[in-house]
1. Please specify each residue of the range 228-254 satisfying the condition of being free of Cβ contacts under 8 Å to residues at least 24 places away in the same chain and in contact with a strand residue (DSSP E or B) (Cβ under 9 Å, 6 or more places away or on another chain).
2. Please give the number of the condition Val398 fails out of (1) open to solvent by less than 10 Å² (accessible area, probe 1.4 Å); (2) modelled with pLDDT of 95 or more; (3) of a type in the set (Val, Ile, Thr).
3. Any chance you could count how many residues in the range 426-482 are of a type in the set (Gly, Ala, Ser) and within 20 Å of Gly602 (Cα to Cα)?
4. Collect the residues in the range 199-216 that are free of Cβ contacts under 8 Å to residues at least 40 places away in the same chain and open to solvent by less than 10 Å² (accessible area, probe 1.4 Å), keeping them in residue-number order.
5. Report, by residue number, each residue of the range 121-134 that is of a type outside the set (Gly, Ala, Ser) and out of contact with any His (no Cβ under 8 Å at 6 or more places or on another chain).
6. Could you grab the pairs with beta carbons closer than 6 Å, sequence gap of 6+ or different chains, first residue in the range 584-602 and of a type in the set (Phe, Trp, Tyr), second one within 14 Å of the ligand (Cβ to nearest atom)?
7. Does Asn146 count as among the polar types (S, T, N, Q) and open to solvent by 10 Å² or more (accessible area, probe 1.4 Å)?
8. When residues of the range 661-673 are filtered for being open to solvent by 10 Å² or more (accessible area, probe 1.4 Å) and modelled with pLDDT of 95 or more, how many remain?
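The values are calculated or read from the model by the stated rules, or taken from the named source; none is laboratory data. The structure displayed is predicted, hence computed values, not measured ones. Using ideal geometry, Cβ is built from the backbone for each residue, glycine included, and neighbour counts are taken over all protein chains shown. These area figures cover heavy atoms from the full protein model, side chains too; ligands, DNA and RNA do not enter into them. Shrake-Rupley method; radii C 1.70, N 1.55, O 1.52, S 1.80 Å.
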Amino acid sequence: IGDSADIDREVKSVCPFCGVGCQVSLKVKDERVVFVEGIDGPANEGRLCVKGRFGFDYIHHPHRLTKPLIRREDAPEKGLNVDPANPLTHFREATWDEALDAAANGLAKLRETRGGKSVAGFGSAKCTNEEAYLFQKLIRQGFGHNNVDHCTRLCHASSVAALLENVGSGAVTATFNEIENADVAIVIGCNPAENHPVAATYFKQFAKRGGKLIVLDPRGQALSRFATQMVQFRPGADVSLLNAMMQVIVEEKLYDESYIARMTENWEAEKAHLAAFTPEKMADICGIAPDEIRAAARTFAQGNAGMIFWGMGVSQHIHGTDNSRCLISLALMTGNVGKPGAGLHPLRGQNNVQGASDAGLIPMFLPDYQSVTDDGVRSAFTDVWNSGDFSADKGLTVTEIVDDIHAGNTRGMYILGENPAMSDPDVSHAREALAKLEHLVVQDIFLTETANFADVILPASAFAEKAGTVTNTNRQVQMGRQAMQPPGDAKEDWWIEVELAKRLGLDWTYTHPQEVFAEMAINMRSLDNITWERLESQNAVTYPSLSHDDPGQAIVFADAFPRDNERAKFTPADVIAPDESPDAEYPMILTTGRQLEHWHTGSMTRRSKVLDSVEPEANCSINPKTLKYLGVEAGGMVRLTTRRGEITVMARADRTVAKDMVFLPFAFVEAAANILTNPAIDPYGKIPEFKFAAVRVEKAS
Ligand code: SF4
């Protein structure tokens, strides 16, 4: 907290952490952000959480990359062995021309000798929409294929797959603020008080004014104190629980017959499928009493307007798409889409994961989820790009690209702002793949774990150091403004992408992100009526916006769904067991996630003084009874072992965690959670099963 009298200027922008997309005023003095205040954005109305208010000092951390770096010829073998405070043991400083030439030449050489498919790209949900658009364009136009992806694959890809399949659109059907008009809400598989804290304030207010809040989660959480009902079910039993709830709604005829008849298809198949899922049959699987299932079903179905919020507890399973299918069916059968206070809302994780996905940073879709397999779609883009065609084959996803490196096909990568050396499942396998690459270009603000493996490192800009738009979980496209220049020789990300593209032979002439936004709008109907100038003056517009005066539609699909027959679809879901079950050797369940203070792989928040002081040490959460059984004091060390590897980490006593479960945050490199996680993926969303692995827990000496 500072004093506005002491600042040189204030700049309106957007918080760079989570998908809530709180608008902020950055207070700048001597080219540093000295404090931050929340302003009246549509998603936050002046509110901020601890990350948004106190987490900005990472921008000025001494570890910022300020010069382009090229791997030294006498560098030690590639590995996780670079000191971020002293990278010159492995890299030498270079000019921009030298570094860009080295980066482009290495990728171009692979393209010529091995073909375009030997180079893949990971873009970033932390970058702007314009930078995400340029990144996917660079891979598609420059290398002729679709092997380009980003962290949506580790986050909500299964939710998007189910939404596209059954609703016809991958985004939320209503903003989270619509909970103000609801009288019942389900929060499942997410912990908003830690991961979407400002959204959680709206949920708490809803409960305080009498709204019925149902929290469904294997782990207890702060929001449960506000809940009408907290159902702590067994990890992995989501489909059993949700099908049983829907069976109750069918049996007790609590469904909305006229909505189903008017707006949906495949109801009879769904209804028949649900008959086997009685609460009595599902109770043991879910680890709860049948009456708990009945109560939750009745409360939700008897509301006038209900919303469903979910997070990665739903999506990060090999049955993540089925979990989301069930939530969609539950909303449809109760008529809870397309009216005030109703809707489906997967809470998006990173600040721009919605926008990066919308911008086409995914292997199967061009911008606005237009299929790469559609000849007409591809030619609409190549017309605008003034270039030849590219592959009609869906590209490889994040984890498939890692496997493709091991198979010897992908040999070079361009990675912008992603950290697969920390974020990928079975991360030892991913690190081995990164070390195998013949040419790796990493663009980032810090020497991340992934940058340890780079051949060329391009120093980039923090969010406050550039202009560009981002899209939050609410479909709100918001304007981020440049508060200061990047430090040293670091550059804005879009500039680096353009310079690299030119050296790869592409005819790119952009001089400002505004020109990129204008190009995006040509083939993206979601951006109709949204212009850069409008965002400059209004800060945010929700898509779809029906006219230049329309602030955007908070609720969509009141009369029709964007599917061929304009109806949403019920897709019945069967119970699929997790990929590996606890057994005598690995008797407990490991689940991973985030904490309030630390963001994703920790590259930003662990360099924020306040946030890292509050949560400085790698930790896991275990039920106190389990700790007692293991002979471990709270705060003592435990060894966690799975079929992939082992780590040693401090154990925190936490009654909200079930006795057979361990919760492990993934922000700490010294006890990297993903050494342990299972790379098995959902067949539709291709998302790994981060939320369930069999683990052995022992006292560590
Ligand atoms: Fe930033 Fe999310 Fe916190 Fe808002 S809720 S201040 S967007 S981290």
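1. Listed by number, the list holds a single entry, Met230.
2. (2)
3. To start, the set of residues in the range 426-482 that are of a type in the set (Gly, Ala, Ser) comprises 428, 430, 433, 435, 451, 454, 460-462, 464, 467-468, 480.
Subset that is within 20 Å of Gly602 (Cα to Cα): 428, 430, 451, 454, 460-462, 464.
Matching residues across the range 426-482 total 8.
4. Filtering the range 199-216 down to residues free of Cβ contacts under 8 Å to residues at least 40 places away in the same chain leaves 200, 202, 204-211, 213, 215.
Within the range 199-216, Ala200, Tyr202, Phe206, Gly211, Leu213, Val215 meet the criteria.
5. If we filter the range 121-134 for residues that are of a type outside the set (Gly, Ala, Ser), which is where we start, we get 122, 126-131, 133-134.
Listed by number, the residues that qualify are Lys126, Cys127, Thr128, Asn129, Glu130, Glu131, Tyr133, Leu134.
6. Trp599/Phe17; Trp599/Thr605
7. no
8. Taking the range 661-673 first, the residues open to solvent by 10 Å² or more (accessible area, probe 1.4 Å) are 663, 666, 669-670.
Among the residues that remain, those that are also modelled with pLDDT of 95 or more are: 663.
Of the residues in that region, 1 qualify.
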